[in-house]
Amino acid sequence: EYGNAIYSIAESPLEPGLIWVGTNDGLVQLTRDAGQTWTNVTANIPEMVSWGTVYNIEPSPHQNGKAYITVNGHLEGNFDPWVYRTEDYGQTWDLIVDGIPKTPLSFARNVREDRLRPGLLYLATENAMYVSFDDGAQWQPLQLNLPPAPVSWLAIQEHFNDLVLSTYGRGFWILDDLSPLQQLTAEVAASDMHLFEPRHAYRFREVDGIRSMADDPTAGTNPPYGASISYWLAQATEDDVELVISDSEGTAIASFAGTGEPGINRVTWNLRFGSGGAFGQGNGGPPGQGFRLLAPPGEYAVTLRATGREHTQSLTVIKDPDTGGTDRGLATQHAVLQELAADIEAADGLSQRIDSIRSQLDTLTARAAGDRDLEDVRDMSAALERSFMSVADSLVQQKPGGFFMWPVKLRAKLIYLANHIQSSDHPPTAQASEAKVFLEDLLGVAESDYERLVLGDLAALNRALRSRGLPAIVEPGEQRLVP
């Protein structure tokens, strides 16, 4: 015989012993004494679908005696959404479905109340997701990039504050970080711009499973790594939208562009210092090799700059709870990595200055070719270009071809060392510390050789050029004319 099967059961998170049950023949009952006695409240539900399935019951996590139910009537040929709310232990009920269109795929499957904001509801139907900010008085779509598929169940992952969906035929879906919805009040919606308070960001170490397959068709997609940052714009803007990250001392450590769409926008800071590409890209090492300093655990500030205004919120970066690294070890590592980042930047700047001088020397050599009056200038220029080439080759491999054809040079080695040290949450090993000192000594040699050439041979060449009324070679470090 069809019916009389308990289809849903839920215990109140606030009131011990309060248990709600719903059946597949349209009955709703509750007990307030852990099952010793039961009360049938079905007759109090207006327009209750006869033989409808009480698909789920959601006791409110914020108010005693309050609960929500979804009733699925599609097996009885009733495809309308049926969602109810009670605030008095089922003595009275309100139908809360305004905003949900009535179609053959509109029957409701699951409703959840937000764990942090009372009256913020999430609703799953046969073909869509909806959200209500006013306890069900009005619903609006929450579809985003979710395919139009039956959403059979909803769960809120409370620690990370994510909404998890199961669908029929479309896999599991996760709406990461509910904080902007929880903070989207009427006052925020009426403002031109608002930066939501971001949730804590975990400084996880991403590790690939040893048994994972690159072409696994069932593999999911993880959210972007880092800090989730959401903000509100009342209207679309074509002006620049900028996010700036500052450390606890107020020093800006990272910046990146945001999006200018109306409504809630979301970007992710990958917890790296700087902006744009990694330091040292194109360094004569393996493709894509670069270095960006990873922010240590601690307190930061996020500043949104848009529409001529700015708004700032605090952000906490948390150490991976499963790491074996200590706070002291991470602090030591970060100090060493800051020094290596400065070394990489110095090597990069020195290489760029040499490239500029070599370009000027090549132009001068070509200009002096065939002019007997400038033979000495031509010879001095060509010889000096070879000398600068030697210094450049100590920093970056100058020979053409793939990185695997010739040894990598100083800048690539600095980057490799920095990435090696940053690959764990532990301080540098003794060997890594020794390698750092060795490479920094080589950088010092390159800097000394460069200064010797600039103040010696390049200065002599410039004197010869000036004696002939020709423009001197400019040293680009400080845009200085070498005497």
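The values are calculated or read from the model by the stated rules, or taken from the named source; none is laboratory data. Every value quoted in this text rests on a predicted model; they were computed, and no experiment measured them. Because the Cβ atoms are built from the backbone with ideal geometry, glycine has one as well, and the counts that use them run over all protein chains shown. Only protein heavy atoms, including side chains, enter the accessible area calculation; ligands, DNA and RNA are left aside. Shrake-Rupley method; radii C 1.70, N 1.55, O 1.52, S 1.80 Å.
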Can you compute log10 of I(q)/I(0) for segment 286-348 with the Debye formula, treating each Cα as one identical point scatterer, at q = 0.15, 0.23, 0.25, 0.27 Å⁻¹?
-0.73, -1.00, -1.04, -1.10
Net charge around Asp320, counting only other residues with Cβ within less than 9 Å of its Cβ (Lys, Arg = +1; Asp, Glu = -1)?
+1
Nearest 10, in degrees from 0 to 90: the angle of helix 430-453 to the longest Cα principal axis of the chain is 40 degrees
To the nearest 0.05, the calculated FRET efficiency linking Ser390 and Leu95 through their beta-carbon distance, R0 being 56 Å, is 0.10
Averaged over every viewing direction, what's the projected area of the C-alpha convex hull for segment 1-84? Give it in nm², one decimal, please.
5.5 nm²
Spatial extent of segment 345-483: Rg and Dmax, with the Cα atoms as the point set, Å
18.3, 64
Mean 1/r over distinct Cα pairs of segment 318-383, inverted to a Kirkwood Rh in Å, yields 15.9 Å
Report in % the part of the accessible area of segment 106-156 that belongs to carbon and sulfur, leaving out ligands and nucleic acids; probe 1.4 Å.
57 percent
Cβ charges +1 (Lys, Arg) and -1 (Asp, Glu), total dipole of segment 59-196, debye
360 debye
Would you calculate the separation in nanometres between label points at Gln338 and Ala190, each defined as 7 Å from the Cα along the Cα-to-beta-carbon direction?
4.5 nm
When the label point is put 7 Å from the Cα of Phe204 along its Cα-to-beta-carbon vector, which residues of segment 322-345 have a backbone N closer than 16 Å?
322-324
What list of whole percents do you get for P(r) of the chain, with Cα-Cα distances grouped in 20 Å bins up to the one holding the largest distance?
18, 35, 26, 14, 6, 1
Charges at C-beta only: +1 for Lys and Arg, -1 for Asp and Glu. How large is the resulting dipole of the chain about its Cα centre, in Debye rounded to 20?
1260 debye
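Measuring with a 1.4 Å probe in the full set of protein chains, what accessible area per residue, in whole Å², belongs to segment 397-471?
55 Å²
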Dipole magnitude of segment 103-151 about its Cα centre (Cβ charges: Lys, Arg +1; Asp, Glu -1), debye to nearest 20
120 debye
To the nearest 500 deg cm²/dmol, what mean residue ellipticity at 222 nm is calculated for the chain from DSSP H runs of n ≥ 4 alone, each contributing -39,500 (n - 2.57), summed and divided by the residues?
-8000 deg cm²/dmol
Answer with one residue from Gln360, Pro407, Ser390: the one whose Cα lies farthest towards the positive end of the charge dipole of segment 310-414, charges on Cβ with Lys, Arg +1 and Asp, Glu -1.
Pro407
Can you give the extra length, in nm with one decimal, that the chain gains between Glu310 and Ser166 once fully stretched, where that is 0.36 nm per residue apart less the Cα-Cα distance?
48.0 nm
So, counting K/R as plus one and D/E as minus one, what does the shell of residues with Cβ under 14 Å around Gln91 add up to?
0
Once Asp320 and Ala301 are pulled to full extension, the length gained, defined as 0.36 nm per residue separation minus their Cα-Cα distance, is 4.8 nm
Lys and Arg at +1, Asp and Glu at -1: neighbours of Pro262 with Cβ under 13 Å from its Cβ sum to -3
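Against the globular-protein guess of 2.2 N^0.38 Å, express the Cα radius of gyration of segment 426-475 as a ratio, rounded to two decimals. Working shown, then result.
Details: Rg = 18.7 Å, N = 50, 2.2 N^0.38 = 9.7 Å.
Against the empirical 2.2 N^0.38 Å value, I get 1.92 for segment 426-475.
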Using only the Cα atoms of segment 102-237, construct the convex hull and provide its projected area averaged over every direction, in square nanometres to one decimal.
10.6 nm²
